[in-house]
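A quick write-up on the structure given underneath.
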Protein chains: 2
Amino acid sequence: MELPKYRKKAAVTSPTGTQAVDRAAQLLIEVARHRDPVTFTELITASGLAKSTTSRLLAALERNGLVRRDLTGRFSPGEVFVSYAWRGGAEADLVSVAQPVLAALGEETGETVNLGVARDGGLVEQIAQVDSKYLIGGTNWVGLRVPLHCAALGKALIAFGGAELPGGHLEQRTDRTVTSRAALADELTAVRERGYAVTVEELEPGLVAVAAPVFADGGIVIGALSVSGPASRLTTAVIPAAASNCMAAARSLSVLLGHDQPARGVQHAALAS
Amino acid sequence: MELPKYRKKAAVTSPTGTQAVDRAAQLLIEVARHRDPVTFTELITASGLAKSTTSRLLAALERNGLVRRDLTGRFSPGEVFVSYAWRGGAEADLVSVAQPVLAALGEETGETVNLGVARDGGLVEQIAQVDSKYLIGGTNWVGLRVPLHCAALGKALIAFGGAELPGGHLEQRTDRTVTSRAALADELTAVRERGYAVTVEELEPGLVAVAAPVFADGGIVIGALSVSGPASRLTTAVIPAAASNCMAAARSLSVLLGHDQPARGVQHAALAS
DNA sequence: TTGGTAGTTCCATACTACGGAACCTTGTTC
DNA sequence: GAACAAGGTTCCGTAGTATGGAACTACCAA
């Protein structure tokens, strides 16, 4: 009886002519995705590859600075990742990754759409925007920073752990701004239950907004997506619909960023069956 | 006359059994290294690969979320990078990338060695440390944040554009702290010329330190490396030697992070000759 | 010493990645 | 608006690179 030198695979593996690259990419993603260093054995089981193949591919990745092994032989993202992250290019890239999602949400709701991220000092900054289709709508808010507690974006961030409410006085922006920490805590609980945050004239009279959190790999909240408009259009009757669109968009963006994406690549998914 | 189907290469290409992965890694690094999106053609010339091969490899990288193409077809780092950068894992990874360099510098000088990065509010935080070999030396400073203007790490950061001096009053920590902006500006010019910063009892009486900047890809300053000790040991006579060691270590770390590294991978370097 | 675990190297094999050419798409020039 | 150019993708037969099993090394524990 002869043993086949190559195991025949049941599932068709990528007919794209890039098997090795796909496999290496999967290994790299597996390393980049985890918060803690990953062991060689974990990578073998995660990828389903042969020891020798995994060893060879990882050596190639390491040689190129894409992964790094610590003293115990475990793998972490390499210098290329570290260097990229420190360079600060990620914010610009986040904006461009998000742009299509914002555009779609703007199309659906017709209102001003913003992507916000937490900043030091209890602020949230809008880093991308799609303008309202109406004549009355938001001006350009990109670069604008507002307190977390009176913005929908800010509430969404705090509620899901993407920002922390600073100590001290909570500024009373309008007569509807929530400045009691107890009331705010109750509201944040509601935000977590609903999945979205609302502000009704708490930041500026006549301004209503809803916002939902955006997650990256590993469930970390990196920002929030908001829909804002005048109180005359965003009435209590239409807020739920806008919020629903907003949450769906936030979820899409999260998936784009690798959150809860079951199998990112092409091959090996079938092998698990 | 027959045309060879495969072009014979003069230089031996990676005898490691990972040609495709190495090539893909080079393309990925080329994309991650640049601040601005890179075009397909630029990648072809940079890699020296055939159009078809480049197209296939880039498609594989894109499919796996490692690169992304914008509307004009140019390439940026993909969601995997964006997600990694936002997760904040880069700081821990920087510490572990830097650890061997710090250890070597500590071995050479015998003094306390620190890696510092800029924080909001005109502060510098020490994120990694190697302790002095002497009984009198620095305590554990990891996590400690001090004003930029009176720390060697801070001066090195400001001088090379890695941090900005905040407006307002410059705190007088000791009677030797430089609090005049004009005097500080002069000193920063000297730092740029020398390549390293010095503080002599400007942060705490009896404490002397030298520091040199650490660069990442593209010349961005991401942190600084310092050597600190008591004024009794770090006298004006030995400061230049310590500074020289410190600068060499900072340069090593910069190279590790991809700064000015002529050819990171294995192949293609030979093709340029 | 023996056994076990973790990972690397070797090797013949055969399948995957190769590059040239054809082809497609988009934008530009008369 | 036809012809051209530039940028990029798909196709294809071929060859040489990636493959996985086995042998091997290194380290640790009992």
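Quick one: in region A:32-56, which of the residues that are within 12 Å of DNA strand C (Cβ to nearest atom) and touching a His at 6+ places or on another chain (Cβ under 9 Å) is farthest from the other protein chains (Cβ to nearest Cβ)?
Of region A:32-56, the ones within 12 Å of DNA strand C (Cβ to nearest atom) are A:37-45, A:49-56.
Checking the rest, the ones that are also touching a His at 6+ places or on another chain (Cβ under 9 Å) come to A:42, A:49.
Values: A:42: 17, A:49: 13 Å.
In this case the residue turns out to be A:42.
Residues checked against (1) crowded, with 17+ Cβ neighbours inside 10 Å; (2) without any contact (Cβ under 8 Å) to a residue 60 or more places away in the chain; (3) under 10 Å from the mean Cα position of the chain (by Cα):
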site	(1), (2), (3)
A:200	yes, yes, no
A:216	yes, yes, yes
A:219	no, yes, yes
A:224	yes, no, yes
A:231	no, yes, no
A:235	no, yes, no
A:243	yes, yes, no
A:255	no, yes, yes
A:258	yes, no, yes
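Are any of the residues in region A:210-225 within 14 Å of another protein chain (Cβ to nearest Cβ), of a type outside the set (D, E, K, R) and either more than 24 Å from residue A:259 (Cβ to Cβ) or in a helix (DSSP H, G or I) (or both)? Lay out the reasoning, then the answer.
Taking region A:210-225 first, the residues within 14 Å of another protein chain (Cβ to nearest Cβ) are A:213-224.
After this cut, where a residue has to be of a type outside the set (D, E, K, R) as well, the list is A:213-216, A:218-224.
Checking which are either more than 24 Å from residue A:259 (Cβ to Cβ) or in a helix (DSSP H, G or I) (or both) leaves us with A:218-219.
Taking every residue of region A:210-225 in turn, at least one turns out to be within 14 Å of another protein chain (Cβ to nearest Cβ), of a type outside the set (D, E, K, R) and either more than 24 Å from residue A:259 (Cβ to Cβ) or in a helix (DSSP H, G or I) (or both).
With the structure loaded, tell me whether residue B:92 is of a type in the set (A, V, I, L, M, F, W, C), under 23 Å from the mean Cα position of the chain (by Cα) and at pLDDT below 90 or whether it fails that test.
Working: of a type in the set (A, V, I, L, M, F, W, C): yes; under 23 Å from the mean Cα position of the chain (by Cα): yes; at pLDDT below 90: yes.
Considered against the rule, which asks whether it is of a type in the set (A, V, I, L, M, F, W, C), under 23 Å from the mean Cα position of the chain (by Cα) and at pLDDT below 90, residue B:92 comes out as yes.
Taking residue B:29 as meeting all but one of (1) at pLDDT 90 or above; (2) within 11 Å of DNA strand C (Cβ to nearest atom), write down the number of the exception.
Every condition holds for residue B:29 apart from (2).
Listed residues B:65, B:73; which is assigned by TED's automatic domain parsing to the domain that holds residue B:41, away from DNA strand D (no atom under 15 Å from the Cβ) and more than 22 Å from the chain's Cα centre (by Cα)? If you could, list the steps in order and put the result at the bottom.
Values: B:73 fails: away from DNA strand D (no atom under 15 Å from the Cβ).
None of the other options fit; the residue is B:65.
Each row is one residue, and each column tells you yes or no for (1) of a type outside the set (Ser, Thr, Tyr); (2) more than 16 Å from DNA strand C (Cβ to nearest atom); (3) touching a residue at least 40 places away in the same chain (Cβ under 8 Å).
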position: B:72; (1), (2), (3): no, no, no
position: B:76; (1), (2), (3): no, yes, yes
position: B:90; (1), (2), (3): yes, yes, no
position: B:95; (1), (2), (3): yes, yes, no
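The values are calculated or read from the model by the stated rules, or taken from the named source; none is laboratory data. Please read all numbers here as calculations on a predicted model, not as lab measurements. We place every Cβ from the backbone using ideal geometry, glycine too, and count neighbours over all the protein chains shown.
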